[in-house]
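Enquirer: One structure is given below, represented as structure tokens, and several questions about it will come after.
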Amino acid sequence: MEPSTSAAAAGSPSSEDAPAGPASPLLSRVGAVAGEAPDEGVAAHYGDLFREQRALADGSGMVDLSHRGVVTVTGDDRLTWLHLLLSQHVSELPAGQATEALVLSAHGHVEHALYLVDDGSTTWVHVEPGTQGELIAYLESMKFFYRVDVADRTAETAVVHLPAGSIAEVPEGAAVRETAYGRDVFLPRAGLESYAREHGPLAGTLAYEALRVEGHRPRLGLETDHRTIPHEVGWIGSAVHLDKGCYRGQETVARVQNLGKPPRRLVFLHLDGSEVHLPGHGTPVRLAPEGGAGDGAGGAGEAGAAEGRQVGFVTTSARHHELGPIALALVKRNVPVDAPLMAGDTAAAQETVVEP
């Protein structure tokens, strides 16, 4: 079966060959096909992509995300300390409440995306495969006099995803991030196989990614590059709290929020279903020949000048069990919201994710 997201395409971003989690034992399952960058080490699918998607959409099955990095922070000062470093308000985070947060550069560019929950004594975080080492190095450099301990738990802890509506039981004592789209469970890696036997059917990362694209949820390294700011991809609110300050990069967040002019914006694309191949990560996005005129943002002159020229790039593409071929893309802010686009050689109709 053809890989169905750009995450499995050649040239997709990886974590600069940084070590990720150990290869999953679930790759030995009959029909399992190993994923490619950035999702090596777990199954891309188990032989039937659309069946796996439908199972997740219906609230059954689980996704093996054991390749993701796992970091814990313990100590009495953990939440107040993280509050100073992250874009999210976490100083009074209730036990069991899931949230997302970013680490930004001094110029406001996204460096790390953290998916976290605090269980009352430990803050559990999962991050992109192979990025946990750089994150831990940054956190260690910022400890100063705070009573905190940071640990890499990737080798001993596996993350699995249960879709929204799942009735699967969670092992006693396991940390759980519960969100609108499902639960991320931090399991002892030694218990991954037995848990999967009890809570199948298994779905691969391609099915998970297709539903992520449908939900317009950005992913570090796919929807981001070295100059991405949070406003461009819709992380304001979910991962950035606008009523807190004093974190690195906050000045850029505030300036863009007040001026309302991020240079790029995330869009959702419905792709022409007659094409055999999906456009991979980085495929140029251009204005279609008939989309040169615009009456809104950017003006007709700018749009006309851009016709046929690159105005963005595909970040993730997928084959969806109901919507057909779909994608996320980053385009210039002044691209008219109703302009038909071309993703490589594939015609694409856009839906707004981030307002221009």
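The values are calculated or read from the model by the stated rules, or taken from the named source; none is laboratory data. Since the model is a prediction, treat every value here as computed from it, not as a measurement. Positions of Cβ are backbone-derived with ideal geometry, glycine not excepted, and every protein chain shown enters the neighbour counts. What goes into the accessible areas is simple: the full protein's heavy atoms, side chains included, and nothing from ligands, DNA or RNA. Shrake-Rupley method; radii C 1.70, N 1.55, O 1.52, S 1.80 Å.
Enquirer: Using bins 10 angstrom wide from zero, how does P(r) for region 32-120 break down, in % of all Cα pairs?
Expert: Calculated over all Cα pairs of region 32-120, the distribution is 14, 32, 28, 22, 4 percent.
Enquirer: Give the carbon-plus-sulfur fraction of the accessible surface of the chain in %, rounded to a whole number; probe 1.4 Å, heavy atoms of protein chains only. Can you show the working numbers first?
Expert: Numbers: 7530 of 14730 Å².
Reported share for carbon and sulfur atoms: 51 percent.
Enquirer: Could I ask something else about it? Taking N as the number of residues in region 78-195, what value does Rg over Cα atoms divided by 2.2 N^0.38 Å take?
Expert: Against the empirical 2.2 N^0.38 Å value, I get 1.09 for region 78-195.
Enquirer: Here is a further query. Work out the FRET efficiency for S105 and D76 from their Cβ-Cβ distance, taking R0 = 30 Å, and round it to the nearest 0.05.
Expert: Working: r = 29 Å, r/R0 = 0.96.
Efficiency, rounded to the nearest 0.05: 0.55.
Enquirer: For region 68-74, just list the computed ³J(HN,Hα) in residue order, Karplus coefficients 6.51, -1.76 and 1.60, θ = phi - 60°, integers in Hz, with x standing in for Gly and Pro.
Expert: So the Karplus estimates, Gly and Pro as x, are 6, x, 10, 10, 10, 10, 10 Hz.
Enquirer: Still on this structure, please answer the following. How many Å² of accessible area per residue for the chain, probe 1.4 Å?
Expert: With all protein chains present, the chain gives 41 Å² per residue.
Enquirer: Here's something else I'd like to know. Between A34 and L242, how many nm apart are label points set 7 Å from Cα along the C-beta direction?
Expert: Placing both labels 7 Å beyond Cα along the Cβ direction yields 4.6 nm.
Enquirer: Tell me, what is the FRET efficiency for S121 and H89 to the nearest 0.05, using R0 = 25 angstrom and their Cβ-Cβ distance as r? Walk me through the numbers before you get to the answer.
Expert: Details: r = 20 Å, r/R0 = 0.81.
After rounding, the FRET efficiency stands at 0.80.
Enquirer: Separate question: Could you sort the peptides 321-328, 309-316 by per-residue average Cβ neighbour count (10 Å cutoff), highest mean leading?
Expert: 309-316, 321-328
Enquirer: Same structure, new question: Which lysines have a Cα lying under 24 Å from the Cα of K332, excluding residues fewer than 8 positions away in the same chain?
Expert: Within the straight-line limit of under 24 Å, K332 reaches these lysines: K261.
Enquirer: Sticking with this structure for a sec: Add +1 for every Lys or Arg and -1 for every Asp or Glu among the other residues with Cβ under 13 Å from the Cβ of R183, and state the total.
Expert: On the way: positive: R177; negative: E169, E178, D184.
Taking every Cβ under 13 Å from that of R183, the sum is -2.
Enquirer: If I take the Cα coordinates of the chain and project them onto the principal axes, what are the three extents in Å, biggest first?
Expert: Each principal axis gives a Cα extent; for the chain these are 59, 50, 35 Å.
Enquirer: Quick one: length gained pulling A190 to K143 fully straight, 0.36 nm per residue minus the C-alpha distance? Could you put the intermediate results ahead of the total?
Expert: Working: separation 47, 0.36 × 47 = 16.92 nm, distance 3.11 nm.
Between A190 and K143, full extension yields 13.8 nm more.
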